[in-house]
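Visitor: Below: one structure in C-alpha cells.
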Amino acid sequence: MAKKKKPDWYTLDNAGILYSALQKEEYSAIYRFSAVLKERVDPAALQRAVDECMPRFPGFAVRIKRGAFWYYFEPNSAPGPFVKPDISNPCQPVRFKEDNGWLIRFYYYETRISLEVFHALSDGAGALTFFRTVLAAYFRETGRDIPYAGQGLLDLREPPLREEREDAYARYAGKRATRGGMQKKAYPNTGTPESFYTLNVTMGFVPLDKLRETAKRHGATVTEYLTAVLLKVLIEKQRRERPVREKPVALAIPVNLRPWFPSGTLRNFIITIRPCIDPSLGEYPFEDVLNYTRHFMRLEQDRARMRASFTGNVRFQTNRLLGVIPVFLKNPIMALSYRLAGVRPYSGTYTNPGAFKVPHEMAPLIDHMEVILGQATVPRVHCASISYGNTMEVTFAGTLKERETERDFFRFLIREGVPVKVISNREE
C-alpha cells in the first residue's frame, strides 16, 4: 500500500491565530527590519538572493487561507516575493488576496534593504535569521566571499529542518496555566489620529557603549534601562495632562522564549510581560522606576512562570468546543478579547531583539540596522530598538500626530549624557 502523503498545509501557532483574527483592511500586525549598507543596493542581485533563499525557508513561503473553523498556511507557489522600491509609509496592511498572497515584502532605497513580515508568520528572532541569510546571499551575489553557515545563518545548501516550522508553544505547553484576571485599564497614551495609514516614524541613533555605560551606572541592562526611561516619560506625560485620577502606566514587553525552551523554530515563540507603575500612589523618581523595572523583568523571566503563561493560550487553541465555532464568529470575539486584554491594559509596546550579529566577513559591509513596529490598533506610538556594532537604533512609530513621547524619551537620554541623533519621516 502506498504511503499516504502528508498534507502541505499546517495550522497557525497561537500567536498567529490572534494576528490573523485581528487582520482587517486598515490594520495588520506588520514589522520591519532594515539593513543600511555602505554601498548602493543592486536590486537585481537582491532579487536573485531572495529567490535563492525562499526554498530554504518554507515557513515564509506561504499564503494564509481561511478554513471553516481556523486559518491555516499553505505553500505559496505564485511568483514572488518581488523586490520593490521603498515607500514613504512603511508597514502597510497586508491584504490576503493581494500581491499573490505573499505575507513578506522586500524593499530597497539607495543603501537600505528592508524586510517586512506579517506577525502571524514569525517573531523577530525568526525573521532576523531569515533576513541575515538573505543578506549573506545578497553579498555573495555581489561578489563577496561570505560563508553559507555560522553566526546565525541557515545553510542554503541543506534542506529545511522540521523543527524550523514546529509549534514550540505546543511542544513545551505544561499541565498548569496561569489564571489571570482582567488587568486594570492603563493610561492609553493616545491622541489625534493621522489620516488613513500615515505612519509617523522617528528614529534615534545612540552610541551603544555610552548607553551600556549609563545603564550599568544604574545597575541595569540596556533593555531594563530603556524600558524604565519610557515608563518614566509616560508617567510625566500623563501628569502634565492633569487627569482627575492618574491611571497605571504599563508596557507590553515581548520576551523571546528560546533561551529557556530550546527550539530551532522560526515561527512565533514569545510571551509578553507587563511592567506597570501606578502613579496615583505617589511620586516615582526615575531610580524607583528603574529599580522596580529591573526586579520585575528578572522575576517574570522564570521558566515555570513563562510556561504557565503560554499554556493557557495553547489550551485555547486546542479546545474542542471552540474548534467547532466557525471562524467568522471567532474573529470578532478574539478581536474584542484582544482590545480588552491586549490593548486596554497597556500604554504602549517596547521590544528589543538585541544585537544583530553576522559573520565577520559581512560586518564591514553593513553600516547599521533599523527596526519599525507597524501601527497599533489605536492611535499611539510603539517603540522598538536594535543594535549593530556600536550603534543602537531606537524607533517610535505610530499613527499619532502628537510627538511628545519620542521627544521626551530622547531628551531624557540626552540629559543622562547619552548623545542622540534623530531623524524622522514627518513633514515639518
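Every number here is computed from the coordinates shown, using simple stated rules; none is lab data. Predicted model, so just to flag it, every value in this text is computed and none were measured. So basically every Cβ, Gly included, is an ideal-geometry build from the backbone, and we count neighbours across all protein chains shown.
Visitor: Just the Cα atoms of the range 200-264: what Rg and Dmax do they give in Å?
Guide: Cα radius of gyration and Dmax of the range 200-264 are 15.9, 49 Å respectively.
Visitor: Filter the cross-link list 232/401; 24/185; 24/84; 24/232; 38/232; 97/330 down to pairs whose alpha-carbon distance in this structure exceeds 26 Å. Walk me through the intermediate numbers first.
Guide: Values: 232/401 21 Å; 24/185 24 Å; 24/84 23 Å; 24/232 33 Å; 38/232 36 Å; 97/330 21 Å.
As for pairs spanning more than 26 Å Cα to Cα, those are 24/232; 38/232.
Visitor: Counting Lys and Arg as +1 and Asp and Glu as -1, what is the net charge of the other residues whose Cβ lies under 10 Å from the Cβ of residue 219?
Guide: On the way: positive: 216, 217, 294; negative: 224, 287.
Net charge in that neighbourhood comes out at +1.
Visitor: What is the dipole size for the range 83-129, taken about its Cα centre, with +1 at each Lys and Arg Cβ and -1 at each Asp and Glu Cβ, in debye to the nearest 20?
Guide: The dipole of the range 83-129 has a size of about 100 debye.
Visitor: Based on DSSP, what percent of beta bridges with both residues in the chain are antiparallel, to the nearest 5?
Guide: Given both bridge residues lie in the chain, the antiparallel proportion sits at roughly 90 percent.
Visitor: For the chain, what is the relative contact order in percent, using Cα pairs closer than 8 Å and at least 6 residues apart in sequence? Present the calculation step by step, with values, prior to reporting the outcome.
Guide: On the way: 797 pairs, mean separation 106.9, N = 428.
25 percent.
Visitor: Nearest 500 deg cm²/dmol is fine: what mean residue ellipticity at 222 nm does the chain get from its DSSP H runs of n ≥ 4 alone, each adding -39,500 (n - 2.57), divided by its residue count?
Guide: Details: 11 runs with 131 residues, N = 428.
Computed ellipticity for the chain at 222 nm equals -9500 deg cm²/dmol.
Visitor: Right, another one. Go ahead and collect, in residue order, the members of the range 65-102 whose backbone nitrogen is under 20 Å from a label point 7 Å along the Cα-Cβ direction of residue 170.
Guide: 65-76
Visitor: While we're here: Name the long-range amide H neighbours of residue 37: under 5 Å, sequence gap of 5 or more, or other chain; modelled H, no Pro or chain starts.
Guide: Those qualifying (amide H under 5 Å, at least 5 residues apart or on another chain) are 112, 113, 367.
Visitor: Testing the spin-label approximation: label points 7 Å from Cα along Cα→Cβ at residue 11 and residue 339. State their distance in nm.
Guide: It works out to 2.8 nm between the two label points.
Visitor: So if I take the centroid of the Cα atoms in the range 250-299 and the same for the range 301-315, what is the distance between those two points in Å?
Guide: Taking the Cα centre of the range 301-315 as reference, the centre of the range 250-299 is 15 Å away.
Visitor: List, largest first, the extents of the alpha carbons of the range 268-307 along their principal axes, each in whole Å.
Guide: Ordered largest first, the range 268-307 gives principal extents of 37, 15, 15 Å.
Visitor: I would also like to ask the following. Using alpha-carbon positions, what is the distance between the centroids of the range 100-147 and the range 1-77, in Å?
Guide: What the calculation gives is 12 Å, centre to centre.
Visitor: Rank the residues 258, 294, 157 as a footprinting-exposure proxy: fewest other Cβ atoms within 10 Å of their Cβ go first. Present the calculation step by step, with values, prior to reporting the outcome.
Guide: Numbers: 258 15, 294 20, 157 7.
Ranking 258, 294, 157 by Cβ neighbours within 10 Å, fewest first, gives 157, 258, 294.
Visitor: Test of understanding: extend the Cα→C-beta vector of residue 329 to 7 Å, then name every residue of the range 37-78 with backbone N under 18 Å from that spot.
Guide: Flagged as within label range: 67-71.
Visitor: Follow-up question, since we're still on this one. For the pair residue 157 and residue 178, how long in nm is the line joining their label points, each one 7 Å along Cα→Cβ?
Guide: Calculated label separation equals 4.4 nm.
Visitor: Please get the size of the charge dipole for the chain, origin at its Cα centre, with Cβ charges of +1 on Lys and Arg and -1 on Asp and Glu, quoted in debye to the nearest 20. Mind showing how you got there, number by number?
Guide: Details: 63 positive and 47 negative charges, 356 e Å.
Around 1700 debye, computed over the chain.
Visitor: Something else now. Taking 0.36 nm per intervening residue step and subtracting the Cα-Cα distance, what contour gain separates residue 367 from residue 305 on full extension? Don't jump to the answer; show the numbers that get you there.
Guide: Details: separation 62, 0.36 × 62 = 22.32 nm, distance 3.89 nm.
In short, 18.4 nm is gained.
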